[in-house]
Amino acid sequence: MRKAFFSIVAGLCAAGIVAGAAMAADMKTDDALKYRQGLFKALAWQFGPVVGMAKGEVPFSNEQLALRADNMDAIAKMLADGFPKGSADGEIAGTKAKPEIWTNQADFTAKLVALQTATAALSAASGTLTQGDVGKHVAAIGGTCKACHDSYRNR
Ligand code: HEC
């Protein structure tokens with residue numbers, strides 16, 4: 001009797017876990033979409049003042065450059081979590097993420113690392129930079145955005 005009760009409870013728990021996992025999978029792709037698009041918006045937000053400094057539209061500051069570079073680096077590291085399987089364009093609505101992200105995962109990751117490398121270079125150099133140096137960092141960082149968008153983001 002007692003044994004039967006436990007096996008029923010165990011059965012219910014297992015069913016609950018399965019249902020929970022299925023729900024988590026659905027939620028995961030929709031949440032991941034919001035998560036990564038939010039991070040990309042934050043990335044662009046952080047890059048804005050750096051671009052502004054290169055153009056001479058934002059007052060030059062080595063501290064600001066270091067801060068923005070570190071923030072972008074942190075965002076780039078967080079982005080890796082934002083691409084669970086099943087969240088490509090064609091699988092969920094509202095995304096521009098190409099399915100190739102999941103078939104060329106090593107290359108996609110390399111492009112994310114390239115962004116981190118470019119932001120780390122700016123962070124390391126800040127302190128010794130002058131306004132005239134910012135443009136080449138903007139070009140290097142911006143080049144990593146473009147390289148990934150060209151391959152993995154739909155227009
Ligand atoms: C490793 C690849 C990769 C890199 C590097 C990258 N992006 Fe993206 N970006 C994407 C993908 C993929 C999307 C589409 C996301 C989606 O719609 O699910 C995207 C979307 C965006 C969006 C639109 C977000 C929205 O609200 O829909 C912005 C803005 C953006 N990226 C800015 C940038 C900037 C700025 C950089 C560089 C500083 C950058 N990205 C670097 C892959 C990348």
### Query
What is the one condition in (1) more than 8 Å from the ligand (Cβ to nearest atom); (2) closer than 16 Å to Arg153 by Cα that Ile101 does not satisfy?
(1)
### Task
Given the conditions (1) at pLDDT 95 or above; (2) open to solvent by less than 40 Å² (accessible area, probe 1.4 Å), report the number of the one that Ser126 does not fulfil.
(1)
### Message
Just the residues that are at positive phi and within 8 Å of the ligand (Cβ to nearest atom), please, taken from the stretch 88-98.
### Response
Gly94
## Note on the structure
Considering the stretch 105-120, residues that are over 14 Å from Leu43 (Cβ atoms) and in contact (Cβ under 8 Å) with a residue 40 or more places away in the chain, and then whichever is farthest from the ligand (Cβ to nearest atom), we arrive at Ala120
### Task
State yes or no: is Asp70 acidic (Asp, Glu) and at pLDDT 95 or above?
yes
#### Entry: Candidate set from the stretch 63-73 (those that are of a type outside the set (Lys, Arg) and buried (at least 17 other Cβ atoms within 10 Å of the Cβ)); member that is nearest to the ligand (Cβ to nearest atom)
Met72
### Query
Out of curiosity, is Phe40 within 15 Å of the ligand (Cβ to nearest atom), open to solvent by less than 60 Å² (accessible area, probe 1.4 Å), of a type in the set (Phe, Trp, Tyr) and at pLDDT 95 or above?
no
### Query
Can you name the helices (runs of 4 or more DSSP H) wholly within the stretch 59-135 that have at least 3 residues being of a type in the set (D, E, K, R)?
62-79
### Task
State whether one or more residues within the stretch 138-148 are more than 8 Å from the ligand (Cβ to nearest atom), assigned to a loop (DSSP other than H, G, I, E, B) and within 14 Å of Ala69 (Cα to Cα).
no
### Message
Tally up the residues in the stretch 76-119 that are closer than 26 Å to Thr130 by Cβ and open to solvent by less than 50 Å² (accessible area, probe 1.4 Å), please.
### Response
6
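The values are calculated or read from the model by the stated rules, or taken from the named source; none is laboratory data. Being a predicted model, the structure only gives us computed values, none of them experimental. Cβ sites come from the backbone with ideal geometry, for glycine too, and all protein chains shown count toward neighbours. Heads up: the accessible areas ignore ligands, DNA and RNA and are worked out on the full protein's heavy atoms, side chains in. Shrake-Rupley method; radii C 1.70, N 1.55, O 1.52, S 1.80 Å.
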